[in-house]
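K.L.:
Sharing a structure below in structure tokens format, with a few things to ask.
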Amino acid sequence: MATPTSDEKTTSIITYFTVFGLIIGLIMNHSKKSEFVSYHIRNMIGLCLGMVALGILHWVGIPSMLIKGLQLVLVILWTIGFIGALKGERLEIPVVGKFFQDSFKSI
């Protein structure tokens, strides 16, 4: 596995800054496709969809404490992915990382 360039690292870091960063990362990665950046984009897509799912569960009446606990788990998973981007590594997000990579492999 090749060491990512500084542009790839920067794009992967930007990807972790909310949905807007994800969109910017997708646009930046579109013209010059990088497997390293795509890896982090796939992680962030999964994490964003997880937050949307938690919002829907909260809206339908799932207890707030459960939702808050799951949000904390997502923040921890986000932190692991973000640290990987900062270090220029592909740190696998525990439990769901492989699922995210397999589910969004077309990106």
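The values are calculated or read from the model by the stated rules, or taken from the named source; none is laboratory data. In this text the structure is predicted, and so the values were computed from the model without any measurement. Glycine also receives a Cβ, built like all others from the backbone with ideal geometry; neighbour counts cover every protein chain displayed.
K.L.:
Evaluate the following for Ile62: is it more than 16 Å from Gly84 (Cα to Cα) and either modelled with pLDDT of 95 or more or assigned to a helix (DSSP H, G or I) (or both)?
P.N.:
In short, no.
K.L.:
Report the residue count in segment 14-46 for those that are free of Cβ contacts under 8 Å to residues at least 40 places away in the same chain and at negative phi.
P.N.:
Within segment 14-46, residues that are free of Cβ contacts under 8 Å to residues at least 40 places away in the same chain and at negative phi number 20.
K.L.:
Quickly run through segment 1-20 and pick out the residues that are under 18 Å from Leu74 (Cβ atoms) and in a loop (DSSP other than H, G, I, E, B).
P.N.:
Within segment 1-20, Tyr16, Phe17 meet the criteria.
K.L.:
Need pairs with beta-carbon distance below 6 Å; first residue touching a residue at least 40 places away in the same chain (Cβ under 8 Å) and within segment 68-91, second surrounded by 14 or more Cβ atoms within 10 Å (Cβ to Cβ) and of a type in the set (S, T, N, Q); sequence gap 6+ or separate chains.
P.N.:
Gly81/Asn43; Ala85/Ser12
K.L.:
If we keep just the residues of segment 21-60 that are more than 15 Å from Trp78 (Cα to Cα) and of a type in the set (Phe, Trp, Tyr), which is surrounded by the fewest Cβ atoms within 10 Å (Cβ to Cβ)?
P.N.:
Trp59
K.L.:
Follow-up. Out of all the residues in segment 30-43, is one or more in contact with a Cys (Cβ under 8 Å, 6 or more places away or on another chain) and either modelled with pLDDT of 95 or more or not in a helix (DSSP H, G or I) (or both)?
P.N.:
Within segment 30-43 (the criterion being in contact with a Cys (Cβ under 8 Å, 6 or more places away or on another chain) and either modelled with pLDDT of 95 or more or not in a helix (DSSP H, G or I) (or both)), the answer is no, since none of the residues qualifies.
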